[in-house]
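Structure first, commentary second.
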């Protein structure tokens, strides 16, 4: 049934028919607003499209920056993880207890235990 109203909205021949079709539906109301903006004179349409493209570009830039930031964070996390792993190995070889290793590495004891277990499994 919803598809029927959308088809009717898109096929409307005048604004009264559009208004009759939307009948309080917020999604169709938003579509009507967009249709109205697009039906304006050429200059208005150009300005509207330019604004929409700028908004779309900004969203794309934000998405790209976020993805790059996440990737950079993952790389940094892997690097820190490797350093922690190597530091735990070095301290263990020097005879440090897991409590002292945790203190030296500034991590909690369960994390040290997990790393030491990985070392034993190698």
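The helices (runs of 4 or more DSSP H) found wholly in region 37-122 and carrying at least 2 residues that are at pLDDT below 95 and within 32 Å of the chain's Cα centre (by Cα) occupy 42-93, 109-121.
Among the residues of region 1-34, those identified as under 23 Å from residue 45 (Cα atoms) and either assigned to a loop (DSSP other than H, G, I, E, B) or touching a strand residue (DSSP E or B) at 6+ places or on another chain (Cβ under 7 Å) (or both) are 12, 13, 14. Would you be able to say whether some residue in region 22-35 is surrounded by 11 or more Cβ atoms within 10 Å (Cβ to Cβ), touching a helix residue (DSSP H, G or I) at 6+ places or on another chain (Cβ under 7 Å) and under 30 Å from residue 109 (Cα atoms)? No: zero hits. Whenever a residue of region 68-89 is over 18 Å from residue 121 (Cβ atoms), its partners that are in a helix (DSSP H, G or I), lying with C-beta atoms within less than 6 angstrom and at least six residues away or across chains, give the pairs 87/105.
The values are calculated or read from the model by the stated rules, or taken from the named source; none is laboratory data. What you are looking at is a predicted structure, and each value in this text was computed from that prediction instead of being measured. Neighbour counts run over all protein chains shown; Cβ positions are idealised from the backbone, glycine included.
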